[in-house]
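Reading through the structure tokens given below for one structure.
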Amino acid sequence: MTNPSPLTRLTTHGYVIIPSFLPPSTLSALRTASSTLISLSSAGQWPHVRTTGKQFPPWDPSLVPHSAGIWGVQHLLHPSLPLPPSQREAFVKLYFSPALLSLSREILSLPPPDGLVMELFNLLCGPSDGKGFELSWHRDDIPASATEEEERERVCKPGEVYSHTQWNLPLYDDSSLVLVPGSHSRPRTAAEREADPHGGDLEGQVVVELKAGDLVFYDNNILHRGVYSGGKQRVTLHGSVGRADGGGEGMKKRARNVLQHGVGSWVERADFSCLGEGEERKTAEGMRRRLVEMGRAAGEVGYSLVG
């Protein structure tokens, strides 16, 4: 009996783990780059951060380091990332790696080579102030105020082709992601609606246990939360890619989910020259171009969630 494909497992459960995705040499290079970036960002030397005490964008970098710590670093493909070239290039080469994009294409039901859209590439880290905290239960692009009918309309439907996919890739063992399998394809139950969003367990929840170098894809509208333990090391890369053939309101919703993070202000200046002049570079430039086109078509997008 053959194992179900990553797409089948994702559509069934809302997430799928790809074990031992990263080879040791790549893992080591990414750890070095991430450690440098976290240190600089925690000291207030990189403004694109997620600040403790606030779950969703926008975040105020002026609070770091005196009034808040950080729990994430944004824009790992930014041309001004304050890292040596070799460390910046480690992030570029991972995001556009053929192995990662091949899995993404499979999940998005896309044949190579065209159709992928560059989206987000960020880093999630343990709180730099050493204080543990928990994010609320949420879906990334469906607000908690949504009615049952609104949720039913926007969750994943049987046979529906994904317009995007997102992933977490931990550089150290990670058990911070908690989710409710199957919740990506249904409205919340009465108990889930009545539960305290900022704490407590939900029936059927799973703590996603990942080893360093594992990869997990998950539906961004699955019910999920992050739990950060004070003093516990977390360095997890967090990215997404999309497909270009969406349109109308669906495209605008996806544009909001991506562009609310500010990627549109720098994407045209990003440097992918480390990919050479072959197919990887051609793919990266095409993905960048489609993101720029999506932003221009969507106009002002606002924010998906608040808090």
Scan segment 41-82 residue by residue and report those that are in contact (Cβ under 8 Å) with a residue 12 or more places away in the chain and among the charged types (D, E, K, R). ARG50, LYS54
Residue hits (segment 74-116; in a helix (DSSP H, G or I), farther than 15 Å from PHE21 by Cβ and among the acidic types (Asp, Glu)) are GLU89
Of everything in segment 203-248, what is touching a strand residue (DSSP E or B) at 6+ places or on another chain (Cβ under 9 Å), on the phi > 0 side of the Ramachandran plot and not in a loop (DSSP other than H, G, I, E, B)? Give them in sequence order. none
Check segment 14-21 and report whether any residue there is over 16 Å from LEU171 (Cβ atoms) and part of a loop (DSSP other than H, G, I, E, B). yes
Across segment 25-50, which residue is nearest to THR236 (Cα to Cα) among those that are buried (at least 21 other Cβ atoms within 10 Å of the Cβ) and hydroxyl-bearing (Ser, Thr, Tyr)? SER34
Is at least one residue of segment 9-24 more than 27 Å from GLY286 (Cα to Cα), of a type outside the set (Lys, Arg), surrounded by fewer than 16 Cβ atoms within 10 Å (Cβ to Cβ) and touching a helix residue (DSSP H, G or I) at 6+ places or on another chain (Cβ under 6 Å)? no
Tally up the residues in segment 186-216 that are within 17 Å of GLN166 (Cα to Cα), in contact with a helix residue (DSSP H, G or I) (Cβ under 6 Å, 6 or more places away or on another chain) and not small (Gly, Ala, Ser), please. 0
Based on this model, can you work out whether ARG243 counts as under 24 Å from PRO98 (Cβ atoms), surrounded by 14 or more Cβ atoms within 10 Å (Cβ to Cβ), of a type outside the set (Val, Ile, Thr) and touching a residue at least 40 places away in the same chain (Cβ under 8 Å)? yes
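Laboratory data are not the source of any read-out in this text; all were calculated from the coordinates shown. The shown structure was predicted, so the numbers you read here are calculated from the model rather than taken from an experiment. Positions of Cβ are backbone-derived with ideal geometry, glycine not excepted, and every protein chain shown enters the neighbour counts.
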